[in-house]
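Notes for the one structure printed next.
The values are calculated or read from the model by the stated rules, or taken from the named source; none is laboratory data. Because the structure is a prediction, the values reported are computed rather than measured. Here the Cβ positions follow ideal geometry from the backbone for every residue, glycine too, while neighbour counts run over all protein chains shown. The protein model used for the area step is the full one, side chains on, heavy atoms only, and it has no ligands, DNA or RNA in it. Shrake-Rupley method; radii C 1.70, N 1.55, O 1.52, S 1.80 Å.
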Amino acid sequence: MVGHAFMGAVHSQAWRTVNHVFDLPARVEPAVVCGRDPQRAAAAAERLGWADHVSDWRELVAREDIDVIDICTPGDSHAEIAIAALRAGKHVLCEKPLANSVDEARAMAAAAEQARIAGVRSLCGFNYRRVPAIALLRRLVEDGRLGEIRHVRAVYLQDWITDPEYPLVWRLRREKAGSGALGDLGAHIIDLAHYLTGDRLTGVTGLSETFVPTRPLPQGESQGGLAAGASGAAESAERGEVTVDDATLFLGRFAGGAVATFEATRFATGRKNALRIELNGSRGSAAFDFERLNELEFLDATQPSAEQGFRRILVTEADHPYLSAWWPPGHGLGYEHSFIHQARDLVAAITSGQDPHPSFTEALQVQLVLDAVERSAADGSAWASVIAAGE
Ligand SMILES: NC(=O)c1ccc[n+]([C@@H]2O[C@H](COP(=O)([O-])OP(=O)(O)OC[C@H]3O[C@@H](n4cnc5c(N)ncnc54)[C@H](O)[C@@H]3O)[C@@H](O)[C@H]2O)c1
């Protein structure tokens, strides 16, 4: 695993736990963690349960005792590490968004396609697909319970940088993060919109805003701002420019005729991790809110109108996705479980010789939407087409 801060800790927990919960034909051994500072990497190995540590990811790629490389670094290093790992025959799990640009994402998808021929698997970490309520919503759509989808309404709201003195962490610098709220939060809801509808966005019109243009420079190497214990306090009197969006909103059209609205922001005061998505179809509607992640709201429009209404499904039954391995009904799951499910699905795919989803090509499709939104926002919200990843 490369990187051992926020995602590194969450992924470590998933790797440590997956075999204790799910019955899998292979055992995960957390072998080596990579961090550029050897002392911190050693401490992380001890704390997060890795047998060994290195300070250069190239050592991981060269080692013969490693089968999977898990990339938990900021977006500026995803392409280089993933492509080298795939070429060395390692299965790759890469955090989202796949890359910082369409060109990088294309190169990664091409490398993944090439490696796939040799049985090497790759997966992009859009973990919210693996929240049981979201997977149940996908099942309802697949079973035709929502009918023809007309609307997708998605928001992803956080508020951790509303203080103008919050430091200029890497997530606020284009060269490290690619974009701001759009790529960090918007990427998740774009992927969910693709996944839940089984369709893809073909065009968008968007707008972006950066409310706080300069921020205090952090001292030394900055964390992304979300790791446990990350400081929200100003660290220096000197300020630097914020080069990404604080908030991005856009409208979109799907190939199948549905229309959609999206909002991604880090300035939704009071909203901490409010990923919400609602689908309206000809036969029903469903709505999910991550701040109530064990629930799914569902309306069945085929019922007599006098009895219709949104009902709350408590998604903790053994016949709900992933739940048979967990606790008795009503004993809910949390944030980390989607990552354990992600680890489960990757190990299952590797051992059964199947491709896990979302593939790098599916993640490239998300990147193409991000790019179109940025083009639109830079051009007075003009309509911007989104090509299919294969074109
Ligand atoms: N799936 C999700 O919900 C989710 C949530 C948060 C972050 N992410 C993604 O995970 C990735 C990491 O984000 P984070 O929040 O963990 O950031 P973070 O700042 O908490 O951690 C990043 C770590 O990577 C290390 N790093 C940077 N470059 C490196 C290199 N070349 N070699 C080795 N280590 C290096 C940093 O020192 C740091 O320890 C990003 O792509 C981000 O978008 C995904």
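Points worth noting:
- Rg ratio (alpha-carbon, reference 2.2 N^0.38 Å) - the chain: 0.97
- Phi-derived couplings, Karplus 6.51 cos²θ - 1.76 cosθ + 1.60 at θ = phi - 60°, listed residue by residue for the stretch 291-305: 6, 9, 5, 8, 10, 9, 8, 9, 10, 9, 7, 8, 6, x, 4 Hz, with x used for Gly and Pro.
- Sparsely packed chymotrypsin sites (Phe, Trp or Tyr not before Pro) within the stretch 147-227, loop by DSSP, other Cβ within 10 Å at most 15: Phe211
- The apolar share of the surface of the stretch 348-391, taken as the fraction of accessible area on carbon and sulfur atoms (1.4 Å probe, ligands and nucleic acids excluded), comes to 51 percent.
- The coefficient of translational diffusion for the stretch 104-228, derived via Stokes-Einstein from the alpha carbon Kirkwood radius under 25 °C and 0.890 mPa s, stands at 138 µm²/s.
- Which of Ala377, Thr361, Phe339, positive extreme of dipole for the stretch 313-382 (C-beta unit charges): Phe339
- Accessible surface for the chain, divided over its residues, is 42 Å² per residue with a 1.4 Å probe.
- Peptides ranked, highest mean first, by Cβ atoms within 10 Å: ranges 32-41, 125-134: 125-134, 32-41
- Ligands, DNA and RNA aside, Arg153 has an accessible area near 90 Å² when probed at 1.4 Å.
- Between the stretch 318-334 and the stretch 1-54, the alpha-carbon centres lie 25 Å apart.
- For GluC sites (Glu not before Pro), the sites in the stretch 124-192 that DSSP calls loop and that have at most 16 other Cβ atoms within 10 Å are Glu148, Glu165.
- Largest-first ordering by accessible area, 1.4 Å probe, given options Asp191, Asp345, Asp143: Asp143, Asp345, Asp191
- Using the rule -39500 (n - 2.57) for each DSSP H run of four or more residues, divided by the residues of the chain, the 222 nm mean residue ellipticity is -9500 deg cm²/dmol.
- Centroid-to-centroid separation of the stretch 115-131 and the stretch 233-308 [C-alpha atoms, Å]: 24 Å
- When peptides 79-85, 110-116 are ranked by their average number of other Cβ atoms within 10 Å per residue, the highest-first order is 79-85, 110-116.
- Fraction of C-alpha pairs exceeding 17 angstrom in the stretch 119-182: 67 percent, rounded to a whole number.
- For the stretch 189-206 and the stretch 160-183, distance of Cα centres in Å: 24 Å
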